[in-house]
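Worksheet: one structure, shown below.
The values are calculated or read from the model by the stated rules, or taken from the named source; none is laboratory data. It should be emphasised that the depicted structure is a prediction, and the values quoted were computed from it without experimental measurement. All Cβ positions, glycine included, derive from the backbone under ideal geometry; neighbour counts span all protein chains shown. Side chains are part of the model used for accessible areas, which takes the heavy atoms of the whole protein and leaves out ligands, DNA and RNA. Shrake-Rupley method; radii C 1.70, N 1.55, O 1.52, S 1.80 Å.
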Amino acid sequence: MKTLPFIRILILTTLCIPAWSVPAPADRKATKETVKLFNYLYELKSKGIMFGHQDDLMYGYNWWYEPGKSDTRAAVGDYPTVAGFELGHIELGDSRSLDSVNFDQIREQVKEHYMRGGIVTISWHLNNPLTMQNNDPSLKWPHGTAWDVSSNEVVSSILPGGKNNELFNTWLERLATFLSSLRDDKGTPIPFIFRPFHEHSGSFFWWGTNICTDSEYSALWRYTVTYLRDRKNIHNILYAYNTDRVTSLEQYLKGYPGDDIIDMLSLDMYDRGESFGSELDNALQFIIKEAASRQKLAALSETGERKGLKDWWMNVLLPVVSKYPLDYVLTWRDAFKSKVTVGGNPVDAYKEDFLEFYKSPRTLFLKDIKDYKIYGTK
């Protein structure tokens, strides 16, 4: 186990200042485990960067759902600290996600990772509630999916007064039912980071910046959080605001729904060429500063390497992200039968570079943090 610097314990006290004047979840009714997770993340981000991987526990490039298996673990002998899961198609009442993953198995692995002492983050690529109602068989993908940007009336149609508001409420009910089922053996709700309506600065999802107005996007966020938090009384969620690549704080905050419902400022940025390092560095500078001023968490919530670059982990990604107090860096999924490994590198190539990334004292994998009992449950 790598040496992890001492983590200060954040103590809420009423002796000198009100308890909620210190960094805390936006949800004032957050469960004690959720508060502990927020406090832990807020303190740990200055100690090292946790590694996360999407769908790491669900499948890999040559295997499909084998409990306990993980591409990260196969590569370095350790689990990622942060495990990502996807809930697209939960809104439809389907038994499997848009990536064909069984929702019951997702529930099992959320619980397993929580019991290991790991951290869970959940994304939601929900279908287009307006265009999917057109059942014309001649319409090809991405018709009706999250990527269908053929109409700029989608968000307005699902907000109060819109013709699809009741449909969206049904979707939120199904989402809430699943989220409420994420509990440990004692029935305690499992805290997690929820990142819906992501990459808003781009225009490749129906909630994107050129597909809806900033006020509509903000209203969509507020309606969703209010529904889950206040109507369904779900209080084990930390909410992550998220954009795709941006070049200014003004661009980053377009459509920002408000500090009272957001816990984390996050960014997605993939390596598309030699300018990646400087572009990421620039964006993290103003995002981290803004997160600190608002007392929010911060993460690079999606990234992936430049194909064919054998030293990407140690000489491109780590030198930039280790400059900043980020909570975690999460690489995207190893799609089944796609012949890629952790982070998108070709099978069995450059594994030494990722191993060095794992060994770095600046990165935190599960073994580095599991003894700290972050939820206060063990």
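In order along the range 302-309, the Karplus-derived 3J(HN,Hα) couplings, from 6.51 cos²θ - 1.76 cosθ + 1.60 at θ = phi - 60°, round to 8, 7, x, 7, 7, 4, x, 9 Hz, and Gly and Pro are given as x. Normalising the Debye intensity of the range 221-378 to I(0), with uniform scatterers on Cα atoms only, and taking log10 at q = 0.15, 0.16, 0.18 Å⁻¹ returns -0.93, -1.03, -1.19.
Under the combined filter of DSSP loop state and at most 16 neighbouring Cβ atoms within 10 Å, the range 102-171 retains these trypsin sites (Lys or Arg not before Pro): Lys140, Lys163. What the Kirkwood sum gives for the range 216-276 is a hydrodynamic radius of 13.1 Å, with every pair of different alpha carbons counted.
Remark on Phe85: its backbone amide H falls under 5 Å from those of Asp55, Thr121, Ile122, Ser123, a criterion applied only to residues 5 or more positions apart or on other chains, H modelled at 1.01 Å from N. With the convex hull drawn over the C-alpha atoms of the range 254-293, the volume per residue is 79 Å³.
Inter-label distance, Arg294 to Lys310: 4.2 nm, where each label sits 7 Å from its Cα along the C-beta direction. The protection proxy used here, the mean number of other Cβ atoms lying within 10 Å of each residue, ranks peptides 306-316, 322-332 as follows, highest first: 322-332, 306-316. For the Cα trace of the chain, dividing Rg by the Kirkwood Rh returns an Rg/Rh value of 0.94.
Pairs from the table (Lys310/Lys359; Lys32/Lys111; Lys186/Lys359) lying more than 26 angstrom apart at Cα are Lys186/Lys359. Rounded to the nearest 0.05, the FRET efficiency derived from the C-beta distance between Glu173 and Ser215 at R0 = 25 Å is 0.50.
Calculated [222 nm] ellipticity per residue, helices only, for the chain: -8000 deg cm²/dmol; basis is -39500 (n - 2.57) per DSSP H run with n ≥ 4, divided by all residues, nearest 500. Remark: relative contact order (the range 245-320) = 39 percent; criterion is Cα-Cα distance under 8 angstrom and separation of 6 or more residues. The alpha carbon convex hull volume per residue for the range 36-117 rounds to 111 Å³. Rounded to the nearest Å, what's the spacing between the alpha carbon centres of the range 131-153 and the range 27-61? Just the number, please. Measuring centre to centre over Cα atoms gives 34 Å. Given the range 58-192, what whole percent of its Cα pairs are spread farther than 17 Å? The proportion of pairs with Cα distances above 17 Å equals 65 percent. Each residue of the range 76-87 is assigned a 3J(HN,Hα), and the resulting list reads 10, x, 8, 7, x, 5, 10, 10, x, 9, 10, 10 Hz, derived from the Karplus form 6.51 cos²θ - 1.76 cosθ + 1.60 (θ = phi - 60°), x at Gly and Pro. Thr177 contributes about 90 Å² of solvent-accessible surface, heavy atoms of the protein only, 1.4 Å probe.
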